[in-house]
Amino acid sequence: MPSPPSAVLEAFGLVDIPVALPGGQGDSWLAGGTVLKPGADPRAQEWVGTELARVPQRGFRLAPALPARDGRWTVEGWSATGHVDGMGTEERPGDPDWAAVLAAGRALHRAMRHLPRPEWLRVRDDPWARADAAAWGEADLPVASGFQPLAARLRRALDPGAPSGTAQLVHLDLTGNVLLDPPRPPAVIDLSLAWRPPAYAEGVVLADALCWHDGRPELVERLDVPRDAVVRALLFRVLVLTPLGEGRWTHAEVEEQVWRHTRAAEQLGL
């Protein structure tokens, strides 16, 4: 991923040479104490920098959104946030502390519970938003042939009578975006906001744990996350694979994705 242009660095008042950060989509850069990332929605960034910044941070820390020197929240599509210390699930030695990840998410969701749904979130249109809508039966989405049997299997497994909880603002990608740095509260970064029940966001964490971190199925019961929420979250992850991988992945990479997500479904007893 190309580094931030000099015009972007100048707009945010940065003089340090940007260094690529590991993890995520591989598109974040650190310049001094500032993290720069492309593809930001200026409306979302302004909301994070103004509305969310007023929320008391109890049990979690947030990376502050930073405006450019002229007040803009994005410059040429790049946004800026303050850098926060901590180690993500993929960086820490040993088994990931899923209880700590969920605790940070629950603290954040409690803090955001009173916030209204932002208008920019209602009209959000990207692969993740479309896959989320399809996972809830609110939209149709093409599914690549390799993923179709699994997607159908997960849809059949959803319990229409299962309680889902009240929708609110949630972070739908907590797995790699909770940084642990005891004794300080965990830092929550790269907000992927959605208007869904908190249990669904927690289900995404456990679906990721089963797929990519050798998580055991007993995690679902031990961490008190509804099984149906994990099934729907796994469907969400499967549905987003088609637009993300189309024309980019090799046959072997598609097979690995199918295998990992099928194994997770089998661990859920499907």
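Below are the figures for this structure:
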| read-out | value |
| --- | --- |
| Centroid-to-centroid separation of region 162-235 and region 92-160 [C-alpha atoms, Å] | 9 |
| Taking the C-alpha atoms of the chain, convex hull volume expressed per residue in Å³ | 138 |
| Rg/Rh (Cα only; Kirkwood hydrodynamic radius) as it applies to region 132-212 | 1.02 |
| Surface accessible to a 1.4 Å probe, per residue, for the residues of region 196-270, Å² | 43 |
| Heavy-atom accessible surface of region 146-190: percent carbon and sulfur, 1.4 Å | 56 |
| Normalised convex hull volume, region 49-93, alpha-carbon set, Å³ per residue | 105 |
| Which of VAL123, SER6, GLY137, positive extreme of dipole for region 1-155 (C-beta unit charges) | GLY137 |
| Accessible area (Å², per residue) of region 40-163, counting only protein heavy atoms and a probe of 1.4 Å | 56 |
| Protein accessible area in region 15-131, 1.4 Å probe - carbon and sulfur % | 51 |
| Residue-by-residue Karplus 3J(HN,Hα) for region 29-41, coefficients 6.51, -1.76, 1.60, Hz, glycine and proline x | 10, 10, 10, x, x, 10, 9, 10, 9, x, x, 7, 8 |
| Cα-based equivalent ellipsoid, region 144-270: semi-axes from gyration tensor eigenvalues, Å | 24, 19, 15 |
| Protection proxy ranking, peptides 220-228, 248-256, 122-130, average beta carbon neighbours within 10 Å, highest first | 220-228, 122-130, 248-256 |
| √(5λ) per eigenvalue of the Cα gyration tensor, region 29-177, largest first, Å | 30, 20, 18 |
| Alpha-carbon Rg with Dmax, taken over region 28-69, Å | 11.3, 31 |
| Helical segments meeting 15 Å axial Cα length and Kyte-Doolittle 0.0 threshold in the chain (DSSP H) | 98-112, 198-212, 227-245 |
| At R0 = 51 Å, FRET efficiency that the Cβ-Cβ distance of ARG155 and VAL19 yields, to 0.05 | 0.75 |
| Long-range amide H partners of HIS213 with built H, under 5 Å | none |
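The values are calculated or read from the model by the stated rules, or taken from the named source; none is laboratory data. Since we're looking at a predicted model, the values are computed, not measured. All Cβ positions, glycine included, derive from the backbone under ideal geometry; neighbour counts span all protein chains shown. What goes into the accessible areas is simple: the full protein's heavy atoms, side chains included, and nothing from ligands, DNA or RNA. Shrake-Rupley method; radii C 1.70, N 1.55, O 1.52, S 1.80 Å.
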